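**Q** Below: one structure in structure tokens.
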Amino acid sequence: MALSAGRETSKLQGYKVDSNKQQYSVLLRYIHWGTVLLLVAVYASIEMRVFFDKGTDLRNAFKAWHFMLGLGVFALVWLRLVLRFNQNYPAVQPALPTWQKGLSYATHVLLYVLMIGMPFSGWLILSGETKVIPFGLPALIAENKDLAHELEEWHELAGQAGYYLIGLHVLAVVYHQFIRKDNLFKRMWLRKV
């Protein structure tokens, strides 16, 4: 890592760390917590649908919310990525061991893959099934119900894996906050520290 006036560049993560900065930007913190709320709603809406019979208005409403909220995650993640690569970040203090930096990087990459891949595959599924796509978005592929069915199986499997990935992320935050007692959580908390 190269040091320069309180800033270091992490070769592993490809962004600039500012050791003088206490928190992420206000906008990035709000996008993070907004994404958290959207993800909770995405998962809740698809899980809640099973309480209603197939074909009922309520079940279809939960599915429609799942589609819309998922596309909301898709939109926010792109804004988040633009900010991520154009801002300096507060350093974790005390500094993380190399293995934790690597694990953190891998987990974040997988979370981004999830937040991009899941809505994109959902969009492909709706396209292949010739269903209405929220927000008037165009179909990405022509009708192909076989492909849509195969994509749907992968989409469900990735959604289940997402529970574990999000759980790992939350456990890491708990570890850093209560065991390691560093500033990791404070860097992303909404209130100014």
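**Q** Consider just the alpha-carbon atoms of the stretch 112-157 and return their Rg together with their Dmax, both in angstrom.
**A** Cα only, the stretch 112-157: 10.1, 28 Å (Rg, Dmax).
**Q** How are the alpha carbon pair distances in the stretch 95-176 distributed across 10 Å bins from zero to the largest one, expressed in percent?
**A** 17, 37, 24, 15, 7, 0
**Q** Compare LYS54, LYS181, LYS145 in a GNM of the chain, Cα atoms joined below 10 Å, and give the one with the largest fluctuation.
**A** Maximum fluctuation in the GNM of the chain, among the listed residues, is at LYS54.
**Q** Follow-up question, since we're still on this one. If you average the C-alpha positions of the stretch 152-183 and of the stretch 60-94 separately, how far apart do those two centres end up, in angstrom?
**A** 15 Å
**Q** A further question follows. Once you list every other residue whose beta carbon is under 15 Å from the beta carbon of LEU103, what net charge do they have if Lys and Arg are +1 and Asp and Glu are -1? Don't skip to the end; give the middle numbers.
**A** Working: positive: LYS101, ARG180; negative: ASP182.
Charge balance in the 15 Å sphere: +1.
**Q** Under the definition of Cα pairs under 8 Å and six or more residues apart, what whole-number percent is the relative contact order of the stretch 74-193?
**A** Numbers: 83 pairs, mean separation 30.5, N = 120.
With pairs under 8 Å counted, the relative contact order is 25 percent.
**Q** Keeping every protein chain present and rolling a 1.4 Å probe, give me the accessible area per residue for the stretch 100-193 in Å². Please report the intermediate quantities before stating the final value.
**A** Working: 5940 Å² over 94 residues.
Heavy-atom accessible area per residue stands at 63 Å².
**Q** For q values of 0.17, 0.20 Å⁻¹, compute log₁₀ I(q)/I(0) with the Debye formula on a Cα-only model of the stretch 23-103, without solvent.
**A** With no solvent term, the Cα-only Debye profile gives -0.78, -0.91.
**Q** How charged is the neighbourhood of GLY55? Take every other residue with its Cβ under 12 Å from the Cβ of GLY55, and add Lys/Arg as +1 and Asp/Glu as -1.
**A** On the way: positive: ARG49, LYS54, ARG59, LYS63; negative: ASP53, ASP57.
Residues near GLY55 contribute +2 overall.
**Q** What's the carbon and sulfur percent of the chain's accessible surface, probe 1.4 angstrom, rounded to a whole number? Walk me through the numbers on the way to the answer.
**A** On the way: 7990 of 11860 Å².
C and S atoms contribute 67 percent here.
**Q** Can you spot the lysines whose alpha carbon is less than 24 Å from LYS54's alpha carbon? Ignore those fewer than 8 places along the same chain.
**A** Counting by Cα, and skipping residues close in sequence, LYS54 has these lysines nearby: LYS63, LYS131, LYS145.
**Q** Semi-axes of the equivalent ellipsoid of the stretch 14-55: what are they in whole Å, largest first, if each equals the square root of 5 times a C-alpha gyration tensor eigenvalue?
**A** The answer is 38, 9, 6 Å, longest axis first.
**Q** Follow-up. Can you tell me, using C-alpha contacts under 8 Å and at least 6 residues apart, the relative contact order of the stretch 19-96 as a whole percent? Don't skip to the end; give the middle numbers.
**A** Numbers: 56 pairs, mean separation 35.5, N = 78.
That works out to 46 percent.
**Q** Right, next: Under the rule of at least 5 residues apart or a separate chain, name every residue whose amide H is placed under 5 Å from the amide H of GLU129.
**A** ASN144
**Q** Taking the alpha-carbon distance from LYS186 and a cut-off under 17 Å, which lysines remain once sequence neighbours fewer than 8 residues away in the same chain are dropped?
**A** LYS21
**Q** Return the single residue from ALA91, ALA142, ALA44 with maximal mean-square fluctuation; model: Gaussian network over the chain, springs between Cα atoms under 10 Å.
**A** Of ALA91, ALA142, ALA44, the most mobile in the Gaussian network model is ALA142.
**Q** Further, regarding this structure: Using only Cα atoms, figure out Rg for the chain and give it as a multiple of 2.2 N^0.38 Å.
**A** Numbers: Rg = 19.2 Å, N = 193, 2.2 N^0.38 = 16.3 Å.
Normalised by 2.2 N^0.38 Å, the Cα Rg of the chain equals 1.18.
**Q** Given springs between every Cα pair under 10 Å in a Gaussian network model of the chain, which of HIS149, HIS66, HIS108 has the largest fluctuation?
**A** Residue with maximal mean-square fluctuation among HIS149, HIS66, HIS108: HIS149.
**Q** Follow-up question, since we're still on this one. Please list, or write none, the lysines whose alpha carbon is within less than 16 Å of the alpha carbon of LYS16, excluding same-chain residues fewer than 8 places away.
**A** Filter leaves LYS101.
The values are calculated or read from the model by the stated rules, or taken from the named source; none is laboratory data. Small disclaimer: the values here were computed from a predicted structure and weren't measured. For neighbour counting, all protein chains shown are included, and Cβ atoms are generated from backbone atoms with ideal geometry for every residue, glycine included. Just so you know, the surface numbers come from the protein's heavy atoms only, side chains and all, with ligands and any DNA or RNA stripped out. Shrake-Rupley method; radii C 1.70, N 1.55, O 1.52, S 1.80 Å.
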